[in-house]
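The structure under discussion appears below in the form of structure tokens.
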Amino acid sequence: MNALLAPLLIAQAAVPAPAFAPPLATPFRIVTERIQIGGDRQQHHRTERMLRFGRNALGLYAEVTLIAATAPTPGDAADMFEAGYRGLLGRTIVLRLDESGNVSEIEDLDSLWEAFCRGVAAMAASRRTDAGAEERGAFAERIAATLRASPIARRRAAFATLVSEAIANDGFAQPHGIPLSVEVPGRTPFGGAVTLQGIRRVDRAEGLLRSTTEASGTVPLPPAAGTAESAVMTIAIERTADPATGLLRNARETVRTSIGEDDARRELSVVSTVHIERV
């Protein structure tokens with residue numbers, strides 16, 4: 001290796017992710033949407049919340065207030081989260097953070113989780129249109145009891161994502177302008193975990209960082225998927241971040257799964273977006 005180039009290559013390889021330095025006492029509006037399309041069916045989920053960072057004697061913290069959580073077309077796990085969040089609309093959630101933005105503690109977690117459980121249970125019971133009020137009430141209580149027994153990690157994750165979705169903590173730590181091979185985790189439409197091989201590139205323009213990732217591969221399918229044993233899955237991710245704050249501006253992930261061939265071919269797509277703006 002050329003001795004003059006070696007220090008440059010080492011410096012490029014050491015490019016870090018944007019440092020987490022959020023402006024304090026500044027409100028941000030976060031809107032997340034998820035649109036799932038398969039055949040003649042479409043599901044649209046949307047949540048809106050306010051986020052504000054602060055610091056006191058105990059350290060850094062975030063305050064999140066849920067404004068809206070809608071799922072016009074019911075049907076999957078995402079709908080369950082929206083239902084849980086609807087039980088917390090207007091309530092401010094306080095999350096303690098370390099200096100990297102990771103959630104270290106959630107204040108009043110037990111009370112928050114109880115409200116979340118009741119929101120999910122109420123949604124599930126409302127779909128039992130063939131049952132009487134007493135039966136729906138008993139069904140709702142069984143659902144709530146099951147959720148109350150969830151591991152602490154699952155409870156924390158349900159609320160930690162309200163902050164982590166805004167932080168540029170993934171996909172930016174690489175040399176700018178140089179495509180690199182990466183492994184991209186994902187999930188099939190039937191819930192199976194997969195890892196796809198892809199390419200990621202990070203560029204800097206107009207003071208912002210833009211990360212683009214494209215990955216694809218053949219993934220196995222369960223018997224419930226029909227006659228096809230495998231499918232072709234592609235993932236495209238675009239994320240824009242402010243390096244001065246370590247916060248995202250926008251993110252978009254598109255996952256497409258093609259099952260079968262010719263006339264029997266089916267395509268499922270899920271588009272997830274996050275938009276963050278100062279208010």
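The values are calculated or read from the model by the stated rules, or taken from the named source; none is laboratory data. This one's a predicted model, so the numbers in the text were calculated from it and none came from an experiment. So basically every Cβ, Gly included, is an ideal-geometry build from the backbone, and we count neighbours across all protein chains shown. Keep in mind that these areas ignore ligands, DNA and RNA; they rest on the heavy atoms of the full protein, side chains included. Shrake-Rupley method; radii C 1.70, N 1.55, O 1.52, S 1.80 Å.
Computed from label points 7 Å out along Cα-Cβ, the spacing between Phe139 and Ala57 is 5.1 nm.
Using Cβ point charges alone (K and R +1, D and E -1), the dipole size of the chain about the Cα centre works out to roughly 420 debye. By definition, a body whose alpha carbon gyration tensor gives a ≥ b ≥ c is oblate when a/c is 1.5 or more and a/b is not larger than b/c, and the chain fits this oblate description.
For the chain, with all protein chains present and a 1.4 Å probe, just round the carbon and sulfur fraction of the accessible area to a whole percent.
Carbon and sulfur: 53 percent of the exposed surface of the chain.
For the pair Arg252 and Thr161 in one chain, pulling the backbone fully straight at 0.36 nm per residue adds 31.2 nm over the alpha carbon distance. Note on Ile152 and Ser181: with the Förster distance fixed at 30 Å, the Cβ-Cβ geometry gives a FRET efficiency of about 0.25. Treating r as the C-beta distance of Ser230 and Val31 and R0 as 35 Å, the FRET efficiency rounds to 0.50. Annotation: per residue accessible area for the range 152-264 equals 53 Å², rounded to a whole number [probe 1.4 Å, protein chains only]. Comparing Cα centroids, the range 80-117 and the range 131-210 end up 15 angstrom apart.
Working from Cα pairs under 8 Å separated by at least six residues, relative contact order for the chain is 20 percent. Summed over qualifying helices (DSSP H, 4 residues or more, each -39500 (n - 2.57)) and divided by its residue number, the chain shows a 222 nm mean residue ellipticity of -7500 deg cm²/dmol.
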